[in-house]
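K.L.:
The structure is given below, and queries will be raised subsequently.
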């Protein structure tokens, strides 16, 4: 009896779903027909041509030296910086900041590898082009509930700066999908992180935070 009732329920659901598809199809057909009949354009097809015609003047090189403050070079620990410097010179870029000093290991919580990446990146810069690059370090926030999170992170910040890092870059996972051990999303202004901003302020280094996620991403 229950099996028969279940099959009947499934049958009703399938009928409702089929009716929904038919109604949606008819609605779509009617809308398209009305648009074509009245020469209407869907917003997705709207691409007006500019009537402003001026002489084209493409700029390939900056008149004045500039600083690129948002750059990611994951392979900087082993990267041949001479090629990058040549590209910078062609644009008249005077200085470039690599925000990914601790490398991809940051996303996997590999603290030892993060520290090695940072050290190698800074060493590569100092040994080759110390006046052309700046390196930011990164923090693993997955350990926010650890008892030693505050002490170990404070030590990490000071060590990074002593090694030559000039700022802290915080990725968008903080405030977006990073959660603590209780499953709560960790916000950018979480009080458990206040000591980080205070320590950076004490050391006089900037903090760059990518907060949230824009639609294009």
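The values are calculated or read from the model by the stated rules, or taken from the named source; none is laboratory data. The model shown is predicted, which means the values in this text are computed figures rather than measured ones. Here Cβ is always computed from backbone atoms with ideal geometry, including for glycine, and neighbour counts include all displayed protein chains.
K.L.:
Does residue 142 fit the bill of being touching a strand residue (DSSP E or B) at 6+ places or on another chain (Cβ under 8 Å), surrounded by fewer than 20 Cβ atoms within 10 Å (Cβ to Cβ) and outside any strand (DSSP E or B)?
P.N.:
The answer is no for residue 142.
K.L.:
Could you pull out the residue among 135, 125 that is in the same structural domain as residue 81 (by TED's automatic domain parsing), over 21 Å from residue 188 (Cα atoms), part of a strand (DSSP E or B) and in contact with a strand residue (DSSP E or B) (Cβ under 9 Å, 6 or more places away or on another chain)?
P.N.:
Selected residue: 135, the only one of 135, 125 that is in the same structural domain as residue 81 (by TED's automatic domain parsing), over 21 Å from residue 188 (Cα atoms), part of a strand (DSSP E or B) and in contact with a strand residue (DSSP E or B) (Cβ under 9 Å, 6 or more places away or on another chain).
K.L.:
Go through the residues of segment 156-169 one by one and say whether even a single one is more than 22 Å from the chain's Cα centre (by Cα), surrounded by 15 or more Cβ atoms within 10 Å (Cβ to Cβ), modelled with pLDDT of 95 or more and in a loop (DSSP other than H, G, I, E, B).
P.N.:
Yes, because at least one residue in segment 156-169 is more than 22 Å from the chain's Cα centre (by Cα), surrounded by 15 or more Cβ atoms within 10 Å (Cβ to Cβ), modelled with pLDDT of 95 or more and in a loop (DSSP other than H, G, I, E, B).
K.L.:
Only one of (1) surrounded by 16 or more Cβ atoms within 10 Å (Cβ to Cβ); (2) touching a strand residue (DSSP E or B) at 6+ places or on another chain (Cβ under 8 Å); (3) assigned to a helix (DSSP H, G or I) fails for residue 197. Which number is that?
P.N.:
Here residue 197 meets the rest and fails (1).
K.L.:
With the structure loaded, tell me whether residue 185 is in contact with a helix residue (DSSP H, G or I) (Cβ under 8 Å, 6 or more places away or on another chain), modelled with pLDDT of 90 or more, farther than 22 Å from residue 103 by Cβ and surrounded by fewer than 16 Cβ atoms within 10 Å (Cβ to Cβ) or whether it fails that test.
P.N.:
no
K.L.:
Going through 67, 10, 26 one at a time, which residue ends up being under 27 Å from the mean Cα position of the chain (by Cα) and at pLDDT 75 or above?
P.N.:
67
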